[in-house]
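Here the structure comes first, spelled out in structure tokens, and everything after it is commentary.
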Amino acid sequence: QALPVLFKHWLKNEEVEEGRTALLHCELTKPDAPVEWRKGDTVLHSSDKYEIRQEGTHVELFIYDAEAQDA
């Protein structure tokens, strides 16, 4: 039976000034596991506002031109 994919470290809150780029990241226990970034019930996809990168066990979400409603 396969082991579940877990976070290697607890996720931390990040703060960024409005207008700057926010970077959220996590490290998983298995490489290339599918990851969904969400804001509430909305699944985020790469766009002008968001960039999602995944390499092996490292996954990153960039939020460009951060605003208060991105919290």
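The values are calculated or read from the model by the stated rules, or taken from the named source; none is laboratory data. A quick note: this is a predicted structure, and the numbers were derived from the prediction, not measured. Every residue, glycine among them, receives a Cβ derived from its backbone with ideal geometry; neighbour counts consider all protein chains shown. Just the protein is used for accessible areas: all its heavy atoms, side chains included, with ligands, DNA and RNA removed. Shrake-Rupley method; radii C 1.70, N 1.55, O 1.52, S 1.80 Å.
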key: Condition broken by ALA2, with the remaining ones in (1) among the aliphatic types (A, V, I, L, M); (2) out of contact with any strand residue (DSSP E or B) (no Cβ under 9 Å at 6 or more places or on another chain); (3) surrounded by 10 or more Cβ atoms within 10 Å (Cβ to Cβ) satisfied   = (3)
inquiry  = I'd like to verify a number: residues in region 32-53 that are open to solvent by 80 Å² or more (accessible area, probe 1.4 Å) and touching a Leu at 6+ places or on another chain (Cβ under 9 Å), how many?
reply    = 3
ask   = Yes or no: LEU11 under 14 Å from the mean Cα position of the chain (by Cα) and surrounded by 12 or more Cβ atoms within 10 Å (Cβ to Cβ)?
value = no
note = A careful count of residues in region 32-52 that are charged (D, E, K, R) and farther than 20 Å from ASP65 by Cβ gives 3
